[in-house]
1. Could you say whether any residue in region 45-63 is modelled with pLDDT of 95 or more and assigned to a strand (DSSP E or B)?
2. With respect to Glu66, determine if the residue is out of contact with any Leu (no Cβ under 6 Å at 6 or more places or on another chain), charged (D, E, K, R), within 15 Å of Asp3 (Cα to Cα) and modelled with pLDDT of 95 or more.
3. Working only within region 64-76, note down all residues that are part of a strand (DSSP E or B) and surrounded by fewer than 11 Cβ atoms within 10 Å (Cβ to Cβ).
4. Which one of Val31, Val24 is in contact with a strand residue (DSSP E or B) (Cβ under 7 Å, 6 or more places away or on another chain), in a strand (DSSP E or B) and free of Cβ contacts under 8 Å to residues at least 24 places away in the same chain?
5. Of the conditions (1) surrounded by 15 or more Cβ atoms within 10 Å (Cβ to Cβ); (2) not in a helix (DSSP H, G or I), Met41 satisfies every one except a single condition; which number is it?
6. Yes or no: region 20-43 includes at least one residue that is under 12 Å from Val72 (Cβ atoms) and acidic (Asp, Glu).
7. Can you name the residue in region 1-19 that is hydrophobic (A, V, I, L, M, F, W, C), without any contact (Cβ under 8 Å) to a residue 60 or more places away in the chain and assigned to a helix (DSSP H, G or I) and, of all such residues, is farthest from Val72 (Cα to Cα)?
8. Conditions first: (1) over 10 Å from the mean Cα position of the chain (by Cα); (2) loosely packed, with under 11 Cβ neighbours inside 10 Å. Met7 passes all but one, so which condition is the exception?
Amino acid sequence: MKDILEMIILNLVENKEAVEIKQVDGEKTIVFEVKVADGDMGRIIGKQGRLAKSIRTVMKAVALKEQKKVSVEFIG
């Protein structure tokens, strides 16, 4: 699941070296903390947060197959 998120994020940003994805596992939930360079934060969030919402939707669909709940947090 982390691989899919990493692939999506790396294709959106310019500074690929600054990307950090931390996975925090809970009993039934997984939290991904995505950290990118300040200049790339706008690319990840998108206009009015649409791109961020789309990324979360894709991750929820992937997590549904594994019967888990997932949350994606973007850290500047």
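The values are calculated or read from the model by the stated rules, or taken from the named source; none is laboratory data. Small disclaimer: the values here were computed from a predicted structure and weren't measured. Note that we place each Cβ from the backbone using ideal geometry, even for glycine, and neighbour counts take in every protein chain shown.
1. no
2. no
3. The answer is Ile75, and nothing else.
4. Val24
5. For Met41, the failing item is (2).
6. yes
7. Residue satisfying both the conditions and the ranking: Ala18.
8. The number of the failed condition is (1).
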